[in-house]
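We did not get these values from a lab; they are worked out from the coordinates using the rules stated. On a predicted model such as this, the values are computed, not experimentally measured, just so you know. Neighbour counts are summed over all protein chains in view; Cβ atoms, including those assigned to glycine, are modelled from backbone coordinates with ideal geometry.
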Amino acid sequence: MSDFGSRTEPFRKELLAHCYRMLASVHEAEDAVQETYLRAWRSWSAFEERSSVRVWLYRIATNVCLTALEQRGRRALPSGLGAPATDLSPGTPPDDPSVLFVEPIAESLVHDPATIVTTRESLRLALIAALQYLPAKQRAVLILREVLAFPAAEVATMLDTSVAAVKSTLQRARARLDENPPSEVVEPDDPQAQALLADYISGFENADLAALERALRADAAIEMVGTTAWFNGRVMCLQLLESALGEPGDWRMIPIVANGQPAVGAYFKGEAYGVAVLTPTATGLTGIHVFSTPSLVPYFGLPLTPPAP
């Protein structure tokens, strides 16, 4: 048992990313990883090494996630719950208390320099939300085959099914995702993404609506995650942003990376407000997902009060 930690710990971050793709919640993903390691520890003496430790851990983690998904519905974004808002009325939580929302994840929690590009692409907010529309088994197969590139035979073993079943399930999952392909997103360290992020931060910190107008594409959307409200089109988005800007200095924005996208930890009048995840393209911002949950801010390594400039 003495080598358990040294042989399993190197996979913790990638297992967290895997569970997050399955569950769309960093909190649930952390719980799933904890349960995975607990089950692995209990079974370590019986591990016969017919597969690698990595494959064995993924089998446990995937099944932990599948069990968790049996007990709740899918997580969504506001745009998946209904039509865009027609006025600036404050968003309200869904009438159905069982509706849950996609959560953002900090890059530092899943960062692996060797696979950073692949990891970022597979954690994009739009993709995570789209994955939640797949039945749980389809979601697992698609992630294991397409994102993690496990052979069909290994996936079949992980899920206690046949290779033929894995192939047909993957085909159905691909067809479902292809119905709404995500837009092309530039990397967060790309100069264009950095320029758009700078305009967004400047717009809020200086109450400069013109900076925000420069950043937004005509088809931009803002989603107030946690409510049913989302706003479509630059005109409506600018009206919403203007109503939120306040005075210069009211807002403080700290750049971060969430879901492989540029983002900010936001503070309003000296207190944590939440996180906003930006979707940058070569021609402007197409999306802003606002998570107005102060407790998310520490997950991104930030304090609950704004750090000194």
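A few comments on the model shown:
- Per-residue ³J(HN,Hα) for the stretch 182-199, Karplus 6.51 cos²θ - 1.76 cosθ + 1.60, θ = phi - 60°, Hz, x for Gly and Pro: x, 6, 6, 10, 7, 5, x, 8, 5, x, 5, 4, 5, 5, 5, 5, 4, 4
- Helix 26-43 vs. the chain, principal-axis angle (Cα, 0 to 90°, nearest 10): 20 degrees
- Checking (1) 18.4; (2) 14.2; (3) 16.9 against mean projected area of the Cα convex hull in nm² calculated from these atoms, the matching label is (3).
- Computed from backbone phi with θ = phi - 60° and the Karplus coefficients 6.51, -1.76 and 1.60, the 3J(HN,Hα) list for the stretch 126-138 is 5, 5, 4, 5, 5, 4, 5, 7, 7, x, 4, 5, 4 Hz; x is used for glycine and proline.
- LYS269-ARG12 FRET efficiency (beta carbon distance; Förster radius 41 Å; 0.05 resolution): 0.65
- Fully extended contour minus Cα-Cα distance, from ALA149 to THR67, at 0.36 nm per residue: 27.3 nm
- FRET E, pair ASN206, GLU30, Förster distance 35 Å, beta-carbon r, rounded to 0.05: 0.45
- Taking the stretch 37-176 and dividing mean pair separation by its residue count, relative contact order in percent (alpha carbons under 8 Å, at least six apart): 25 percent
- Segment ALA282-GLN239, extension gain: residue separation times 0.36 nm, minus the distance between their alpha carbons: 13.1 nm
- Phi-derived couplings, Karplus 6.51 cos²θ - 1.76 cosθ + 1.60 at θ = phi - 60°, listed residue by residue for the stretch 149-166: 6, 6, x, 4, 5, 5, 5, 4, 5, 4, 9, 6, 9, 9, 4, 4, 5, 4 Hz, with x used for Gly and Pro.
- Residue separation of ALA175 and HIS111 scaled by 0.36 nm, minus their Cα-Cα distance, works out to 20.1 nm of gained length.
- Put simply, the amide H of GLY265, placed in the peptide plane, has neighbours under 5 Å in ILE254, ILE256, leaving out anything fewer than 5 places away on its chain.
- Once the Cα atoms are used to define both axes, helix 12-23 deviates from the longest principal axis of the chain by about 70 degrees.
- Three principal axis lengths of the stretch 173-249 [C-alpha, angstrom, descending]: 48, 32, 22
- For VAL102, distant residues with modelled amide H under 5 Å away: ALA76, LEU77
- Longest site-free stretch - the chain; sites: GluC sites (Glu not before Pro), DSSP loop, at most 11 other Cβ within 10 Å: 185-309
- Residue among SER202, SER183, SER292 with the largest mean-square fluctuation in a Gaussian network model of the chain, springs linking Cα atoms under 10 Å: SER183
- Reduced Cα scattering model of the stretch 1-54, Debye log10 I(q)/I(0), q = 0.13, 0.14, 0.18 Å⁻¹: -0.33, -0.38, -0.61
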